[in-house]
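Asks: Got a structure for you, written out below as structure tokens; questions coming shortly.
The values are calculated or read from the model by the stated rules, or taken from the named source; none is laboratory data. Every value quoted in this text rests on a predicted model; they were computed, and no experiment measured them. Ideal geometry is used to build each Cβ from the backbone, glycine not excepted, and the neighbour counts take in all protein chains shown.
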């Protein structure tokens, strides 16, 4: 019953089971409820842990005054 109604709590499931003719205690419902997975790490905590081994790169074109193109490639270490 937790799959179709993930926002249902134990009291609501207990009442639905009682309507179906099954008398079950609220603690028993809580015991067998499927728990939602814990949220993963946040983006800022990931960046803080991997800052010393990460790098950024960029490639861009700069037009010069003589209408030629200057190709730039930059690699930055976040160390």
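Asks: Taking the stretch 20-57 on its own, how many of its residues are assigned to a loop (DSSP other than H, G, I, E, B) and closer than 30 Å to residue 8 by Cα? I'd like the intermediate steps shown before the answer.
Replies: Filtering the stretch 20-57 for residues assigned to a loop (DSSP other than H, G, I, E, B) gives 20-25, 33-42, 54.
In the following step, the residues that additionally are closer than 30 Å to residue 8 by Cα were identified as 20-25, 33-42.
Of the residues in the stretch 20-57, 16 are assigned to a loop (DSSP other than H, G, I, E, B) and closer than 30 Å to residue 8 by Cα.
Asks: Inspect the stretch 14-21 for any residue being surrounded by 11 or more Cβ atoms within 10 Å (Cβ to Cβ), in contact with a helix residue (DSSP H, G or I) (Cβ under 7 Å, 6 or more places away or on another chain) and at pLDDT below 85 and give the result as yes or no.
Replies: From the stretch 14-21, those surrounded by 11 or more Cβ atoms within 10 Å (Cβ to Cβ) are 14-18; that's our starting set.
Within this subset, residues satisfying the condition of being in contact with a helix residue (DSSP H, G or I) (Cβ under 7 Å, 6 or more places away or on another chain) are 14.
Filter again for at pLDDT below 85, leaving none.
Looking for residues that are surrounded by 11 or more Cβ atoms within 10 Å (Cβ to Cβ), in contact with a helix residue (DSSP H, G or I) (Cβ under 7 Å, 6 or more places away or on another chain) and at pLDDT below 85, one finds none in the stretch 14-21, hence no.
Asks: Further, regarding this structure: With out of contact with any helix residue (DSSP H, G or I) (no Cβ under 9 Å at 6 or more places or on another chain), more than 30 Å from residue 8 (Cβ to Cβ) and assigned to a loop (DSSP other than H, G, I, E, B) as the only criterion, which of 60, 67, 71 stands out?
Replies: Working: 60 fails: assigned to a loop (DSSP other than H, G, I, E, B); 71 fails: assigned to a loop (DSSP other than H, G, I, E, B).
Going through 60, 67, 71 in turn, just one is out of contact with any helix residue (DSSP H, G or I) (no Cβ under 9 Å at 6 or more places or on another chain), more than 30 Å from residue 8 (Cβ to Cβ) and assigned to a loop (DSSP other than H, G, I, E, B): 67.
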